[in-house]
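Notes for the one structure printed next.
The values are calculated or read from the model by the stated rules, or taken from the named source; none is laboratory data. Model, not experiment: these values are computed from the prediction. Cβ placement follows ideal geometry from the backbone for every residue including glycine, while neighbour counts extend to all protein chains displayed. The protein model used for the area step is the full one, side chains on, heavy atoms only, and it has no ligands, DNA or RNA in it. Shrake-Rupley method; radii C 1.70, N 1.55, O 1.52, S 1.80 Å.
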Amino acid sequence: MTSRWLMEVEKVRDVDVTWSVMSLSVLNSGRDLPASYRELMEKAWGPVRIIIAASEARGQQVVKPLYDAMGTRIHPGGRKDYDEVIAESLEEVGLPATLAKAAHQKKYDAAVRRSHKRGISLVGEDVGTPVISVAGTAFFGPVMTPAPKGEAAGRLWDGTLLVAGTPGFYEIKRTRTQGPVFD
């Protein structure tokens, strides 16, 4: 949702987003997790390895389109076969099918961990993804659904920067009352 929101923000504010890889698999590494979630975290290495491999092969500009292609299939699409998701996504964004093998190659894990560490080091270990960093101010979130559009996205951006840039400010939170709304 945050990535969808930031794409709207780019339309109404002078913002140029650079996308980096963060990984719930890295974040949850070594934690005591229920078996079903641990299985999901193992499976989740594939897509982030692909994004790292694609970025190394073709540059930073492929990160967001590939993230969107896979994320749309996995999240609102409900797809569970990540190998199919990866193959279709690589084709959609015009990347070679041979990159798909990276999903199962641990040689990309160090780069995934470095990218994740770069993001999480800006905000601390007791948060998750997304992390946003702007002009020396970094924060986790915002977490929302659905993602605001147009000027509403811009107002949320303005307010988020105001709150996050306030010295000593740490958290706003409330209980989630609905799942993701992809519209």
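Heavy-atom accessible area, probed at 1.4 angstrom with all protein chains present, ranks T145, T175 as T175, T145, highest first.
To the nearest 10 degrees, how steep is helix 45-58 against the longest Cα principal axis of the chain, on a 0 to 90 scale? Approximately 90 degrees, to the nearest 10. Considering only W157, M144, W45, the residue lying farthest towards the positive end of the dipole of the chain is W45, judged by Cα position with unit charges set on Cβ.
From the largest down, segment 6-97 spans 43, 30, 26 angstrom on the principal axes of its Cα atoms. Please give the solvent-accessible surface of E10 in Å², to the nearest 10, using a probe radius of 1.4 Å with every protein chain present. Accessible area of E10: about 70 Å². Within segment 75-183, the GluC sites (Glu not before Pro) that combine a DSSP coil assignment with at most 12 other C-beta atoms in a 10 angstrom radius are E125, E171. For segment 24-30, backbone phi angles converted through the Karplus equation (6.51, -1.76, 1.60; θ = phi - 60°) give residue-by-residue couplings of 5, 5, 5, 4, 8, 4, x Hz, Gly and Pro being listed as x.
Note on the chain: with charges restricted to the Cβ of Lys and Arg (+1) and Asp and Glu (-1), its dipole about the Cα centre is near 340 debye.
Altogether, the Stokes-Einstein calculation at 10 °C and 1.306 mPa s, with the Kirkwood radius of segment 86-183 over Cα pairs as Rh, returns a diffusion coefficient of 96 µm²/s.
Taking the protein heavy atoms of the chain in the context of the full set of protein chains, the accessible area attributed to carbon and sulfur is 53 percent at 1.4 Å. Among the protein heavy atoms, those of V134 account for about 40 Å² of accessible surface (1.4 Å probe, every chain in place).
Building the convex hull from the alpha-carbon atoms of segment 45-110 and averaging its projection over directions returns 3.9 nm². With only the Cα atoms considered, the chain has a convex hull volume of 137 Å³ per residue.
In the chain, a dipole from Cβ-located charges (positive for Lys and Arg, negative for Asp and Glu) runs towards its positive end, and of A57, G124, V9 it is G124 whose Cα lies farthest in that direction.
Each principal axis of the Cα atoms in segment 1-60 has its own extent, and those three values, largest first, are 43, 27, 14 angstrom.
Based on protein heavy atoms only, segment 34-183 ends up with 61 Å² per residue of surface accessible to a 1.4 Å probe. For V131, the amide hydrogen comes within under 5 Å of the amide hydrogens of G141, counting only partners 5 or more places away or on other chains and with H modelled in the peptide plane. Relative to the longest principal axis of the Cα atoms of the chain, the long axis of helix 2-12 makes an angle of roughly 60 degrees.
Dipole magnitude for segment 96-160: computed about the Cα centre from +1 point charges on Lys and Arg Cβ and -1 point charges on Asp and Glu Cβ, it is near 460 debye. Taking the Cα centre of segment 18-112 as reference, the dipole from Cβ charges on Lys and Arg (+1) and Asp and Glu (-1) amounts to some 200 debye.
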